[in-house]
């Protein structure tokens with residue numbers, strides 16, 4: 001678990017931690033970079049949109065090895081959950097801009113979805129909860 | 001991130017050091033737009049060789065610099081992209097929108 005405030009100064013610290021964690025779990029270098037990018041963009045979205053750039057609001061991150069069993073197989077991976085206490089977010093209004101369009105903004109969501117196998121958002125009580133999962137390559141037979 | 005500026009003939013070169021993320025991209029955006037609008041250099045070159053990471057807000061700052069340059073008939077050139085920076089520009093399909101060079105000599109010569 002990692003608890004931090006919504007100050008962007010923490011972004012670089014989180015990136016370093018997530019990249020090392022992904023490396024340790026055995027992800028390829030390109031996936032370590034893309035997972036790190038997804039978490040960075042998700043945190044930035046929380047700071048910008050959930051907390052309207054306020055820098056003293058709480059963000060909690062949970063990390064665990066993802067091991068869902070599906071039809072006798074185990075898929076190893078990394079599950080990251082980001083929680084904030086901002087206002088209710090309407091995920092149906094989250095849209096990235098068309099790629100290749102020459103204008104700033106709207107890229108973060110694309111980078112998150114590109115990187116992760118699962119991107120799920122839900123509201124639980126007064127907490128916005130974003131769940132990101134990336135699996136490690138091919139599923140392996142369950143032991 | 002550290003931002004420093006050099007002028008070489010009629011070219012302005014931005015030397016950037018460190019990651020570009022939401023904590024500092026507004027400063028980058030401000031510096032680049034001010035240089036373009038106040039000094040109107042015919043060519044702006046962004047030295048990214050010491051930038052390991054750039055996020056979507058950093059890409060947005062570069063896009064704003066590109067647009068401001070184009071509006072004034074200037075060129076906006078990037079060089080020294082890290083693997084991570086190149087990936088972000090490729091994923092956003094903006095890699096072909098920018099002029100990208102391998103090194104400073106090439107960026108000044110093209």
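Among the residues of the range A:1-18, some residue qualifies, meaning at least one is crowded, with 20+ Cβ neighbours inside 10 Å, within 14 Å of chain B (Cβ to nearest Cβ) and assigned to a loop (DSSP other than H, G, I, E, B). When residue B:36 is tested against (1) touching a helix residue (DSSP H, G or I) at 6+ places or on another chain (Cβ under 7 Å); (2) assigned to a strand (DSSP E or B); (3) more than 14 Å from chain A (Cβ to nearest Cβ); (4) buried (at least 16 other Cβ atoms within 10 Å of the Cβ), just one condition goes unmet, and that condition is (2). If you check residue A:29 against the conditions, is it surrounded by 16 or more Cβ atoms within 10 Å (Cβ to Cβ) and closer than 18 Å to residue B:88 by Cβ? So residue A:29 does not fit the description; no.
Here residue B:73 meets each of (1) under 22 Å from residue A:46 (Cα atoms); (2) more than 14 Å from chain A (Cβ to nearest Cβ) with one exception, condition (1). Can you spot a residue in the range A:69-76 that is within 11 Å of another protein chain (Cβ to nearest Cβ), touching a residue at least 40 places away in the same chain (Cβ under 8 Å) and either under 16 Å from the mean Cα position of the chain (by Cα) or more than 21 Å from residue B:25 (Cα to Cα) (or both)? Among the residues of the range A:69-76, not one is within 11 Å of another protein chain (Cβ to nearest Cβ), touching a residue at least 40 places away in the same chain (Cβ under 8 Å) and either under 16 Å from the mean Cα position of the chain (by Cα) or more than 21 Å from residue B:25 (Cα to Cα) (or both), which makes the answer no.
Taken over the range B:90-110, residues that are under 12 Å from the mean Cα position of the chain (by Cα) and either within 15 Å of residue B:14 (Cα to Cα) or not in a loop (DSSP other than H, G, I, E, B) (or both) amount to 4.
Bear in mind that the values in this text are calculations on the coordinates, not laboratory data. Quantities reported herein were computed from a predicted structural model and do not represent experimental measurements. Because the Cβ atoms are built from the backbone with ideal geometry, glycine has one as well, and the counts that use them run over all protein chains shown.
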